[in-house]
1. Give me the distance in nm between label points sitting 7 Å out from Cα along the Cα-to-Cβ direction at residue 161 and residue 17, one decimal.
2. Among 59, 109, what is the fewest-to-most ranking by other Cβ atoms within 10 Å?
3. Go ahead and estimate [θ] at 222 nm for the chain from helices alone: -39,500 (n - 2.57) per DSSP H run with n ≥ 4, summed, over the residue count, rounded to 500.
4. Near the amide H of residue 197, under 5 Å away, which other amide H atoms are found, from residues 5 or more places off or on another chain, if H is placed in the peptide plane?
5. Please work out whether the stretch 4-142 counts as rounded, prolate or oblate from its C-alpha gyration tensor, where a ≥ b ≥ c are the square roots of the eigenvalues and a/c under 1.5 means rounded, while otherwise a/b larger than b/c means prolate and anything else oblate?
6. Suppose every Lys and Arg Cβ carries +1 and every Asp and Glu Cβ carries -1, with no other charges. What dipole size does the chain come out with about its Cα centre, to the nearest 20 debye?
7. In the stretch 120-205, what percentage of the DSSP-assigned beta bridges are antiparallel, given to the nearest 5?
8. Cut-off is 10 Å between beta-carbons; in what order do 162, 210 appear when sorted fewest neighbours first?
Amino acid sequence: MVEWESVLHEAAERVQDVRDRLISTQRGTERIGQGAGGDITMRVDQEAEEEIIELVKQKGDVRLIAEEHGESGPKDAKWTVVIDPIDGSSNFERGIPFYCTSIAVLRGKTLDDATHALVRNLVNGDTYYSEAGGYSTKNGAQIKTSALEDLREATLGIDISRTTLPVVRSMNSLISSIKRQMHFGANALEACYLAEGRLDGFLDVRGRIRVVDLAAGYLIARQAGAVFSDERGGALNPAISVGERFSVVGAANRALHARILGKLKAGS
Ligand SMILES: [Mg+2]
């Protein structure tokens, strides 16, 4: 039996050490190639991921889905570990204090098969953790999504970068109805903000979010009360791979989720 809770916390500690060592060095942001997920790999991404992989590999029958190194290990492994070593690397590079490490353990082939998830805010050390069948915590204390149901009061995390005109049109009705649209640049941590009620929703309807970005935050937010679907209300069922991209609509509760979907359906 693998003690995933302690493995994930140890991995997060090691990533924190990498970040703390490289934070104000030029070496940390040195560009050393392109990761399997398509983004530029910086030194900090690579070193953080190597720490996680080294630790996780010792646990035996594991398949790895890692943003920088890609996919490795047997396809029929008992466990799949989904890793984004630094989510929000470009914030790290620019000195914007919003980035995290994100690790999820899956016992199956879908996002819903996540059994353990950890996201650590590498700026302040806040650590979000959840296990399937349990509840979600921040620094050990239970967290819950917001109870807000009124769309006009809602603050939603929505990534609209590199959005095409048809997608902008599809979001027009929604964005003109809400109190505030935000995007902080690290999806895993934004999903945790949804989990703890700082955001009322979390959306990417551009079809661009990746499994490495969402796997951990998805379990943490769901077990804190969040409701998720694709942009049309269907179940999320992306292939568990580095390259897969999809859309997601997450909300703090069922009523708000239905209202967001209604606005998306209404389009412009
Ligand atoms: Mg990353």
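Values in this text are rule-based calculations from the coordinates and carry no lab data. Keep in mind the model is a prediction, meaning the values are calculated, not measured. Note: ideal-geometry Cβ built from the backbone for every residue, glycine included; neighbour counts use all protein chains shown.
1. Using points 7 Å along Cα→Cβ, the separation is 3.0 nm.
2. Details: 59 15, 109 12.
In increasing order of surrounding Cβ atoms, one gets 109, 59.
3. -10000 deg cm²/dmol
4. Correct list: 146.
5. Values: a/c = 2.02, a/b = 1.29, b/c = 1.57.
Oblate, because a/c is 1.5 or more while a/b does not exceed b/c.
6. Details: 33 positive and 38 negative charges, 218 e Å.
Computed charge dipole of the chain: roughly 1040 debye.
7. Values: 6 of 12 bridges.
In the stretch 120-205, DSSP labels about 50 percent of beta bridges as antiparallel.
8. On the way: 162 8, 210 24.
So the ranking, lowest neighbour count to highest, is 162, 210.
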